[in-house]
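Here's the structure we're looking at; comments come further down.
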Amino acid sequence: MNQYTVHLLGITIQNGKQIGEGPKQRTGHPVRSQLEERQKKQKGRPSGNKWAELGASLNVDKAQARLNAVTNKTQMNQLENQVRSMREELGTLQAEQTKARKEFNGDQSLGTYDALFQARVEVRDHRRELHDPDTTLKRLRKENYMWNKIATAPASARRTGNPAAVVLTTPTWDWSTIEDDAKHTDISQLRQACTQGGKAIVFSGTDYGVRTMSETVPMSEAQYQDHLNYFRRQSGK
């Protein structure tokens, strides 16, 4: 579903049906999804609460958020005038480049080529000068949107009583058809069974193509850790 979600899914079989023979025999079960149940409970949640929670995580109250929004607005106004002027100048340079290209297409001489080359250099240099203030302006607009949302967000609903216990989804080799996100999935029983031999946990990546609709490549835990630590920076080497 996203980069933070892990799917542990087995063969789709009827509930209670026996598949396999000998030590590989197991009883089929339908897929259990704690992830879906958790998402259903969060559907009725007020959207404004997330901005109040973000402000609390940043240790910013509504008064400070309003002050930050005013400061951002002042910086935005200054940059908007500068960026507007630079964009107008860029438009003039681009018009001169278009004119130089037409002259070169009509008369492919050394002089018209030099004029076209110089026009391209000026456009490229001006775009490079415009990049930093334009990027800063985009960042300020995003921050101003965030501060205004935090300043006007309703108060976060206070939870009374003890917090709800975190329910972990624990797949086993007898019932491995589960769906949940990574932080709510406990695969310790699967890993413990791997030490007894005959079983392995792998990570898989699916590549969707045109002719072959999907191709899944298993990757062991050791290979996965090696990819995460490709340049040996995590271990300090």
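FYI, it's all coordinate maths here, none of it is from the lab. The shown structure was predicted, so the numbers you read here are calculated from the model rather than taken from an experiment. Here the Cβ is made from the backbone with ideal geometry for all residues, glycine too, and neighbour counts use every protein chain on show.
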Seminar exercise, completed: Relative contact order in percent for region 52-152 (Cα pairs under 8 Å, 6+ apart) equals 53 percent
For this session: Kindly write out, for region 141-146 in residue order, the coupling ³J(HN,Hα) from the Karplus curve 6.51 cos²θ - 1.76 cosθ + 1.60 (θ = phi - 60°), rounded to whole Hz, with x marking Gly and Pro.
Result: 5, 5, 5, 5, 4, 5
Exercise. What is the gain in length, in nm to one decimal, between Leu130 and Gln39 on full extension, counting 0.36 nm per residue of separation less the C-alpha to C-alpha distance?
Worked result: 28.4 nm
Problem set entry | Highest-first arrangement of 140-151, 179-190, where packing means the average Cβ count within 10 Å | 140-151, 179-190
Problem set entry | Full-extension gain in nm, Phe117 to Glu53, via 0.36 nm per residue minus C-alpha separation | 17.6 nm
Problem set entry | Separation of the Ala193 and Thr74 label points, Cα + 7 Å toward Cβ, nm | 6.4 nm
Exercise. By how many nm would the segment from Glu221 to Ala165 lengthen if fully extended, with 0.36 nm per residue of separation less the alpha-carbon distance?
Worked result: 17.2 nm
Exercise. Which links in Lys50/Lys73; Lys50/Lys199; Lys62/Lys138; Lys40/Lys149; Lys50/Lys138; Lys149/Lys183 stretch past 32 Å when you go from one Cα to the other?
Worked result: Lys50/Lys199
Problem set entry | Phi to ³J(HN,Hα) by Karplus 6.51 cos²θ - 1.76 cosθ + 1.60 over region 57-62, Hz, x for Gly, Pro | 5, 8, 6, 10, 8, 5
Exercise. Using the beta-carbon distance between Arg141 and Ala63 and R0 = 25 Å, what value does 1/(1 + (r/R0)^6) give for FRET efficiency, to the nearest 0.05?
Worked result: 0.70
